[in-house]
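> Take a look at this one; I'll ask things after.
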Amino acid sequence: MEPIVFRYRCRELTSQDIHFIREIINERYSKGRSHISRALCQTWNWIQPNGKLKEYAARDLLLRLEEKGFIKLPPRIRPKNNLKPKRFDQIPLFLKRPLSGLIGNQMALTIHLVNPETQYLWSYLLHHYHYLGLPKLVGEHIKHMACINGQVVACLAWASAAWKIKARDQFIGWNVSAKRKNLYWVANNTRFLIPPKIAA
């Protein structure tokens, strides 16, 4: 049995796997990194429960392999722009009334999925008021805003669960096989924000 030379999430790579990835890169070098990551997913049958390819995971794996010197990726076809700082030149209109009293005395809390109309406000609040700033969410993720009487009282972000979290895994008590099968049912909370000046 070949020794493991690289581990990524639940996948263990041997030198034969690395050689295979190099062949895929050489065959598709001129087509770019996205094409290579899709080809890798298709070859490995690396598919999400919803049927889509795990492209983000494949791209991340390729970048990590390149960082460690195992492979050499082709130059980017398009310049990398995800490190460009976010700018919010316009301040969105939103309620900032102080709230006081018992939660039971407030109007019913409603939770909404963030949509194109509310995306800017959600991003603005996270960017300005969360100590970690605006998250970069990749892969499967979802965003929510909680409101009381039309006023945003919380912003939340959820993403695919991390492969290994000691306290979580001990609490659930699953083995590697059960975790590999069921992890997609679990989500990580990546951001939780209560905007300032709403509590009196």
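> If I filter the stretch 43-57 down to residues being part of a helix (DSSP H, G or I) and at pLDDT 90 or above, which single residue comes out as surrounded by the fewest Cβ atoms within 10 Å (Cβ to Cβ)?
Top of the filtered list is THR43.
> Same structure again: Please state which of the following conditions GLY69 fails to meet, knowing it meets all the rest: (1) modelled with pLDDT of 90 or more; (2) part of a helix (DSSP H, G or I).
Only one criterion in (1) modelled with pLDDT of 90 or more; (2) part of a helix (DSSP H, G or I) is unmet by GLY69, namely (2).
> So which of LEU93, LEU63, LEU40, LEU13 is within 30 Å of SER123 (Cβ to Cβ) and surrounded by 10 or more Cβ atoms within 10 Å (Cβ to Cβ)? Give the derivation first.
Numbers: LEU93 fails: surrounded by 10 or more Cβ atoms within 10 Å (Cβ to Cβ); LEU40 fails: within 30 Å of SER123 (Cβ to Cβ); LEU13 fails: within 30 Å of SER123 (Cβ to Cβ).
Just a single option satisfies the conditions, and that option is LEU63.
Per-residue answers, yes or no, for (1) surrounded by 15 or more Cβ atoms within 10 Å (Cβ to Cβ); (2) in contact with a Gly (Cβ under 8 Å, 6 or more places away or on another chain); (3) among the polar types (S, T, N, Q):
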{"residue": "ILE77", "(1), (2), (3)": "no, yes, no"}
{"residue": "ASP89", "(1), (2), (3)": "no, no, no"}
{"residue": "ALA108", "(1), (2), (3)": "no, no, no"}
{"residue": "TRP122", "(1), (2), (3)": "yes, no, no"}
{"residue": "LEU125", "(1), (2), (3)": "yes, no, no"}
{"residue": "PRO135", "(1), (2), (3)": "yes, no, no"}
{"residue": "GLY150", "(1), (2), (3)": "no, no, no"}
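> Name the residues in the stretch 1-21 that are in a strand (DSSP E or B) and either touching a His at 6+ places or on another chain (Cβ under 7 Å) or hydrophobic (A, V, I, L, M, F, W, C) (or both), would you? Can you show your working first?
The initial filter retains those residues of the stretch 1-21 that are in a strand (DSSP E or B), namely 4-8, 11-14.
Matches in the stretch 1-21: ILE4, VAL5, PHE6, LEU13.
> Right, here's the next one. For LEU109, work out the one condition from (1) without any contact (Cβ under 8 Å) to a residue 60 or more places away in the chain; (2) within 29 Å of ALA57 (Cα to Cα) it doesn't fulfil.
Only one criterion in (1) without any contact (Cβ under 8 Å) to a residue 60 or more places away in the chain; (2) within 29 Å of ALA57 (Cα to Cα) is unmet by LEU109, namely (2).
> Residue pairs, Cβ under 6 Å, 6 or more apart or interchain, first in the stretch 77-106 and more than 30 Å from ARG33 (Cα to Cα), second modelled with pLDDT under 75 and assigned to a loop (DSSP other than H, G, I, E, B). List them.
These pairs meet every condition: LYS96/LYS197; PRO98/ALA200; LEU99/ILE198; SER100/ALA200.
The values are calculated or read from the model by the stated rules, or taken from the named source; none is laboratory data. Everything numeric in this text was worked out from a predicted model, so none of it was measured. Cβ coordinates were reconstructed from backbone atoms using ideal geometry, including for glycine residues, and neighbour counts include every protein chain displayed.
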